[in-house]
């Protein structure tokens, strides 16, 4: 029996969406920008989804832009907002997803000033350092809500209070927390969402803006001119359905995810006492657990677990066959050697406690075999 515990990477698609896809494909294939009746029928379906999502997340309808996913949204926000202001400095947390970090590096090459913030040993933003880093030239601050490797949750409300004193907007990548966590983004000026992290299909996301940005993609002027290109009707409908299902069942889903994660962490510590749970004593999301194992490197562990049909991931990247340690864990103060021994286990709503029990047994078995050869 395969046990999929990599839900922070992507999630299985809701059965309700899978059942609807053939009908949507057959009956809603017209271009939503066509003026004829068939096209306008599709357009109405898209706008209904936009309004439904707006109602659920309590945002103005016109602030919601459909994109291809969070990577596009992150690029559009960072590049687009800087084009609207004379200020050219951004402050970026060091624990961002690469779709933010690499955009920041690109902007730096183009002459923008990029300052990286600091986090403490638990992964929380150093608020004093944030205050000291702000200058008259600071245009935007980028701080993700939930870290995709460790699950650490930032206090966006407190961060926003600081920034409001300087009239600096806050941008947050909310991919790992959107609707999955109890959230209130009323103080966040820009945020991004990815559909496939909440049991929708891939290729669809959201950009929520409360301030003006310049468009990243120019063309026919779709999405009110902010994102040209014929809309991904199937993706939009699937995302709308996923948000609807999550919103309807969010209390049940959140409770279940927390139970799965807590059970896993308690059991893995019982079976392998020397493991470390990253940021165990700070506020984290319901479904992500980052575990550092003694002696055994994460890449070997992930590969060996895959052979045992337990599917997890590591925070390290691999280039030319050589693993590199997670930039997130290094920023927390972990050594390179420790960072290379960390795996991420992330739970989804389709997992169950029996899978957790079995996964822990398989992880222990694989770990003990690898551990013998680590000396």
In the set 115, 79, which member is in a strand (DSSP E or B) and surrounded by 14 or more Cβ atoms within 10 Å (Cβ to Cβ)? 115
Does residue 66 satisfy being touching a helix residue (DSSP H, G or I) at 6+ places or on another chain (Cβ under 6 Å) and either crowded, with 18+ Cβ neighbours inside 10 Å or outside any loop (DSSP other than H, G, I, E, B) (or both)? yes
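Out of 270, 265, 244, report the one residue that is assigned to a helix (DSSP H, G or I) and in contact with a helix residue (DSSP H, G or I) (Cβ under 8 Å, 6 or more places away or on another chain).
Result of the check over 270, 265, 244: 244.
Looking at this structure, is residue 182 touching a helix residue (DSSP H, G or I) at 6+ places or on another chain (Cβ under 8 Å), outside the structural domain of residue 298 (by TED's automatic domain parsing), surrounded by fewer than 18 Cβ atoms within 10 Å (Cβ to Cβ) and touching a residue at least 12 places away in the same chain (Cβ under 8 Å)?
When the stated conditions are applied, residue 182 passes them.
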Given the structure, is residue 260 more than 30 Å from residue 30 (Cα to Cα), assigned to a helix (DSSP H, G or I) and in contact (Cβ under 8 Å) with a residue 40 or more places away in the chain? yes
Between a first residue in the stretch 221-243 that is closer than 13 Å to residue 21 by Cβ and a second residue that is assigned to a helix (DSSP H, G or I) and at pLDDT below 95, which pairs have beta carbons less than 7 Å apart while being 6 or more apart in sequence or on different chains? none
Can you confirm whether the stretch 84-99 contains a residue that is modelled with pLDDT of 95 or more, out of contact with any strand residue (DSSP E or B) (no Cβ under 6 Å at 6 or more places or on another chain) and within 16 Å of residue 206 (Cα to Cα)? yes
Result of the Cβ filter at 9 Å on the stretch 341-352, keeping first residues that are at positive phi and partners that are at pLDDT below 95 and buried (at least 24 other Cβ atoms within 10 Å of the Cβ), at least 6 apart or interchain, is none
Within the stretch 282-315, the residues that are within 25 Å of residue 180 (Cβ to Cβ) and either at pLDDT below 95 or part of a helix (DSSP H, G or I) (or both) are 298, 302, 305, 314, 315
Got at least one residue in the stretch 320-335 being assigned to a strand (DSSP E or B), farther than 23 Å from residue 181 by Cα and free of Cβ contacts under 8 Å to residues at least 24 places away in the same chain? yes
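The values are calculated or read from the model by the stated rules, or taken from the named source; none is laboratory data. In this text, all values refer to a predicted model and were calculated from it rather than measured experimentally. Glycine also receives a Cβ, built like all others from the backbone with ideal geometry; neighbour counts cover every protein chain displayed.
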